Amino acid sequence: MPDNSKTRLGYFIEFPLWQDAVRLLNFQIQQKKTNRHYNTFSMFYYEKLNNPCLNIDDEDYFKMKIASNLFYGLKKEFAVFYYVIPKSGLGLRNYTFFTYPIKIVYYSVGIYLLKLSEEFINERYKKLSNIKAYYGGNISYKDGKLKITSENIYYRSFYEQFKADIKIETLGETQNRIIIKLDIENYFNELSIPNLLQLLHAFIKPSIQMDMRYDGFTREQIICFFMFIAKGKAGIAQSDNNIISNFIGYLYLIFGDLFIDDILKTHRDVIEIYKIIRYTDDIHISITFKEKIDDKKQGELAYIIALQIAEVLYTKLNLKLNLKTRLFRLKSKQEKDELLTNIRKLSPNNEYTKHDGDPDETESSSQVVNNPQDKLKKIFKELRKIKKSKIEDYFVRDRSVQEEILQEVFDKRVEQILSKPENKSIIAKIFENFNFDLIKVQPLEILVIIFSHEMIVNNLKVFLIEKEIITISDADLIIRFLCQTNFCDPTLLLQLKKNTHTKEIAETFLDAKLNCDIPGYYNLTCMQMKRLSEMPDVIEQTRLRVLNEMSGSYSVALNHLVNEMHAVCIKQEKANKKDYDVNSVVKYINSKHISHETCIKIRNLFDRRNSNSVSHPGSDNSIAWEVTKEEYLDYYEHVGKCLSFLL
């Protein structure tokens with residue numbers, strides 16, 4: 001049964017569900033042995049870990065640290081690191097690195113949402129023939145058990161089906177057909193968890209909500225958890241192989257699909273048929289107008305529909321369409337070919353690994369080359385162009401043709417002939433006196449070629465090791481390089497410590513510990529945590545304190561720090577809460593032979609709370625002032641010293 005305390009994760013997350021999350025992540029880690037898609041930064045890290053805390057049947061661990069909400073205060077064991085990876089040109093994307101324990105908690109909450117919404121998705125949403133949507137997985141419950149297979153957690157077949165569904169819309173009679181491609185601005189960063197939870201509350205059967213304890217308390221806990229993961233910001237985490245984030249991204253736009261469907265139904269007097277085809281946030285809407293609608297009217301209607309969609313996505317989901325949103329008239333060969341080219345270039349994720357791509361057998365272009373050696377010749381020609389170019393050219397240059405050519409290296413037949421002596425000789429010549437910074441133009445594809453020649457690999461490694469300044473794009477290239485070499489080079493890992501975004505992650509990776517012994521609640525040990533897990537009042541103050549620390553609200557955090565200290569003393573002395581004031585606290589800690597400096601700091605902490613602008617606005621005779629970060633951390637340090645004695 002769930003924990004009865006409504007302010008704990010255990011109120012709605014049961015132990016078997018947490019076990020499902022462990023199984024899911026462990027299964028992904030195992031897939032790394034046979035599928036290069038999982039050769040990613042975090043998966044290599046998880047693979048290194050070996051600790052009794054990873055025992056899937058350890059219910060005591062779950063109750064003590066997860067169900068109790070104690071994990072909020074365990075900064076080392078349940079750590080989340082944000083870093084940045086490069087996009088095309090000078091673009092950047094926020095990325096997340098989870099330690100193993102917090103990734104399991106994240107998966108637990110996501111699987112809870114999966115279980116909550118499954119009946120609605122299967123019995124209502126998926127029965128709408130006009131909507132086809134995917135997210136790169138298909139995890140589900142069957143007979144009460146989470147179904148996990150190598151097929152239903154791997155994106156490829158779902159992504160290929162998504163592209164095939166769009167291509168089908170370009171076949172046959174297309175004179176009156178248009179396709180609107182919607183592009184949502186910063187989707188994962190803008191996704192609103194409070195909004196998602198309210199929509200689920202409105203659409204899910206009340207009986208299911210009651211059975212799963214999906215009430216206001218649960219929604220508040222989930223919102224708090226995602227704020228914790230995002231360090232007080234909106235959105236959901238993007239990280240490698242994060243099937244749960246992909247599912248949540250898919251789930252949120254289920255409601256977008258329904259809103260768009262309602263709009264299209266209002267135009268059925270002019271629309272013959274329509275279809276909404278979606279992969280997470282990549283949405284294509286195919287509309288076939290009735291024959292009586294001429295070209296001019298089609299354009300006007302498409303514009304009106306697009307405006308209505310933009311409005312409903314913004315007002316109901318707080319999502320904005322960006323300038324990449326556009327319309328394709330399929331009667332125009334040029335626009336149809338452009339759409340098909342865009343489909344070929346679509347990529348579901350920005351992963352750190354080689355794709356295990358097969359040749360795309362359904363292309364309509366007359367220029368498709370099927371002979372692998374001919375494809376390789378075109379790749380070599382493009383590499384020579386890159387070699388002669390300047391790195392600054394790629395900040396603004398349109399690279400669509402180049403991308404399409406180099407991506408042919410993912411054709412397994414092409415990759416297999418890279419090691420032929422004649423091809424290795426050409427590769428060696430191309431990369432002689434090559435500016436390795438140019439690899440960043442299209443790193444995955446170029447690395448596949450480089451790793452076919454050991455000498456060039458060594459040259460690249462020396463180039464990366466000798467870099468004095470490591471930028472975001474340098475760190476990204478190093479990580480991609482390490483993913484191809486099983487992260488076996490500590491020298492390159494040390495290079496990651498030169499970049500502020502990847503420094504802590506590199507240290508965590510090199511340390512390869514779960515930090516269960518000293519999990520990060522001040523400097524308390526795991527045994528001391530056992531006692532703390534039985535103090536729900538303390539843990540609730542810890543949770544609120546941590547959230548305010550993340551948002552930089554140190555005046556509020558200090559109030560919770562006082563309450564946390566106060567609650568521990570009350571619990572330890574088994575005292576009457578009503579009569580237990582600052583004098584009682586000071587008397588108690590003095591009796592424990594704690595240093596005079598720390599005792600005085602604790603007394604002053606209570607006094608500082610009384611002159612804190614959050615607690616008291618001040619009066620004619622006194623002024624309340626904000627708590628600074630430095631001041632807060634000083635008090636925090638002494639509370640930690642005090643608790644190490646008391647617990």
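Among the residues of region 488-509, which ones are surrounded by 16 or more Cβ atoms within 10 Å (Cβ to Cβ) and touching a Leu at 6+ places or on another chain (Cβ under 9 Å)?
Within region 488-509, Asp489, Leu492, Leu493, Gln495, Leu496, Lys497, Thr502, Lys503, Ile505, Ala506, Phe509 meet the criteria.
Between Ile469, Ile518, which is out of contact with any Ser or Thr (no Cβ under 9 Å at 6 or more places or on another chain), of a type outside the set (Lys, Arg) and open to solvent by 50 Å² or more (accessible area, probe 1.4 Å)?
Going through Ile469, Ile518 in turn, the sole match is Ile469.
Evaluate region 165-188: report whether one residue or more is among the aromatic types (Phe, Trp, Tyr), open to solvent by 10 Å² or more (accessible area, probe 1.4 Å) and under 21 Å from Thr325 (Cβ atoms).
Applying the first criterion (among the aromatic types (Phe, Trp, Tyr)) to region 165-188 yields 187-188.
Next, only the ones that are open to solvent by 10 Å² or more (accessible area, probe 1.4 Å) stay: 188.
In the following step, the residues that additionally are under 21 Å from Thr325 (Cβ atoms) were identified as 188.
Scanning region 165-188 turns up at least one residue that is among the aromatic types (Phe, Trp, Tyr), open to solvent by 10 Å² or more (accessible area, probe 1.4 Å) and under 21 Å from Thr325 (Cβ atoms).
Which number in (1) at pLDDT 95 or above; (2) of a type in the set (Phe, Trp, Tyr); (3) open to solvent by 80 Å² or more (accessible area, probe 1.4 Å) marks the one condition that Phe289 misses?
Of (1) at pLDDT 95 or above; (2) of a type in the set (Phe, Trp, Tyr); (3) open to solvent by 80 Å² or more (accessible area, probe 1.4 Å), only one is false for Phe289: (3).
Sort out which residues of region 322-335 are open to solvent by less than 50 Å² (accessible area, probe 1.4 Å) and touching a residue at least 60 places away in the same chain (Cβ under 8 Å), and write them in order of number. Show your work before the answer.
At the first step, the residues of region 322-335 found to be open to solvent by less than 50 Å² (accessible area, probe 1.4 Å) are 322, 325, 328, 330, 332, 335.
Residues satisfying the conditions are Asn322, Thr325, Phe328, Leu330.
Filter region 417-450 down to residues that are open to solvent by 30 Å² or more (accessible area, probe 1.4 Å), touching a residue at least 40 places away in the same chain (Cβ under 8 Å) and farther than 16 Å from Lys378 by Cα, then give me how many there are.
First, pick out the residues of region 417-450 that are open to solvent by 30 Å² or more (accessible area, probe 1.4 Å): 419-422, 424-426, 429, 432-433, 435, 437, 440.
Next cut, touching a residue at least 40 places away in the same chain (Cβ under 8 Å) only: 426, 435, 437, 440.
Checking which are farther than 16 Å from Lys378 by Cα leaves us with 435, 437, 440.
Selection size over region 417-450: 3.
Looking only at region 197-233, which residues are hydrophobic (A, V, I, L, M, F, W, C), farther than 24 Å from Ile539 by Cβ and in a helix (DSSP H, G or I)?
Leu199, Leu200, Ala202, Phe203, Ile208, Met210
Kindly provide the set of residues from region 234-282 that are among the charged types (D, E, K, R), part of a helix (DSSP H, G or I), closer than 21 Å to Leu200 by Cβ and open to solvent by 10 Å² or more (accessible area, probe 1.4 Å), ordered by number.
The answer is Asp261, Asp262.
Is it the case that Leu514 is of a type outside the set (Ser, Thr, Tyr), modelled with pLDDT of 95 or more, over 22 Å from Pro86 (Cα atoms) and in contact with a helix residue (DSSP H, G or I) (Cβ under 6 Å, 6 or more places away or on another chain)?
no
Of all the helices (runs of 4 or more DSSP H) wholly in region 535-647, which have at least 2 residues that are touching a His at 6+ places or on another chain (Cβ under 9 Å)?
536-550, 582-591, 596-610
The values are calculated or read from the model by the stated rules, or taken from the named source; none is laboratory data. Being a predicted model, the structure only gives us computed values, none of them experimental. As a convention, Cβ positions derive from the backbone with ideal geometry for all residues, glycine included, and neighbour counts pool all protein chains shown. Each accessible area value is taken on the protein alone, full model and side chains, heavy atoms only, with ligands, DNA and RNA left out. Shrake-Rupley method; radii C 1.70, N 1.55, O 1.52, S 1.80 Å.
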